[in-house]
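The values are calculated or read from the model by the stated rules, or taken from the named source; none is laboratory data. Computed from a predicted model, the values in this text were never measured in an experiment. Cβ coordinates were reconstructed from backbone atoms using ideal geometry, including for glycine residues, and neighbour counts include every protein chain displayed. Remember, those area values only see protein heavy atoms, side chains included, never the ligands or the DNA or RNA. Shrake-Rupley method; radii C 1.70, N 1.55, O 1.52, S 1.80 Å.
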Amino acid sequence: AAPAVSSTGCGVATLPAACNTATTGPCTIDVGGKARQYFVVMPTNYDASKPTPVVFAWHYRGGTAQGLLPTGSTYGGMALYGVQKGFPNAIYMVPQGLDPGSDSGTDYGWPNTGGQDIAFAKAMIAWMEQSFCVDTTRIFSTGMSYGGIMSETVACQMPDVFRAIGSTAGSLFGSTKSCISHPIAAWITHGDADTTVPISGDITARDKIGRASCRERV
């Protein structure tokens, strides 16, 4: 494995205020004049002198970031998609999507209208790398359904930033001309009986995401 690469946040002693539970509430960052929200779940053994991997967990359509948190998760088995159990020594970023039809609606997702969700991802990464000791070579993404779509979108447009993604029942939205030719590892699973997000979208993703290591499973 390649050696870790430290972010500018390594050695920073004062951490941002916690935003890891429904009680603390989310962190907020301005992206293009719009307040975007996300939670940050830290490992119990975080050390500001040691570069730490990062995992983004994107919620499904109509879901919420809060619903993926280890405490107060809407579905117990959905907490951080179960990834934290096998990969506990990582920082988990849990972003909140917008309703594409109305800022006050609840049909939350990741349509990436005008590139707004990719801009959100970039803003979170910049903030995170300044605030925490991050291994910039080990930034990962996972999600299901709309969360899988967002994971595949960052794999397509930010493969030079993300090391790997894991997607369930996802797809690629819009033109695939935006995909950057850069190696990135990907694990993609999708049922061929899916009538909500057809498997054809993930077949396109498989073929477009550079050097993806994929597995199809019914």
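A few comments on the model shown:
- For the set Y81, Y146, the ranking by accessible area, highest first and with no ligand, DNA or RNA atoms included, is Y81, Y146 under a 1.4 Å probe.
- Probe 1.4 Å, all protein chains present, accessible-area order of T71, T64, largest first: T71, T64
- To the nearest ten degrees, helix 116-131 and the longest principal axis of the Cα atoms of the chain are 20 degrees apart.
- Aspartates and glutamates whose Cα lies under 18 Å from that of K208, excluding same-chain neighbours fewer than 8 positions away: E152, D160, E216
- Carbon-plus-sulfur accessible fraction, the chain (probe radius 1.4 Å, protein heavy atoms only): 53%.
- Backbone amide hydrogens, once placed in the peptide plane, bring T52 within less than 5 Å of V134, D135, excluding anything fewer than 5 places away on its chain.
- Per residue value of the accessible surface for the chain (all protein chains in place, 1.4 Å probe), Å²: 47 Å²
- Degrees separating the helix 146-157 axis from the principal Cα axis of the chain, which is the longest one: 80 degrees
- Magnitude of the charge dipole, region 56-163, Cβ model with Lys/Arg +1 and Asp/Glu -1, debye to 20: 300 debye
- For L172, neighbours were defined as the other residues whose beta-carbon sits under 9 Å from its Cβ, and their charges (Lys and Arg +1, Asp and Glu -1) total -1.
- Residues whose placed amide H lies under 5 Å from that of A22, excluding near-sequence neighbours: none
- Over the chain, dividing the summed -39,500 (n - 2.57) contributions of all DSSP H runs of at least 4 residues by the number of residues returns a 222 nm mean residue ellipticity of -5500 deg cm²/dmol.
- Principal-axis tilt of helix 199-208 within the chain, Cα atoms, nearest 10 degrees: 70 degrees
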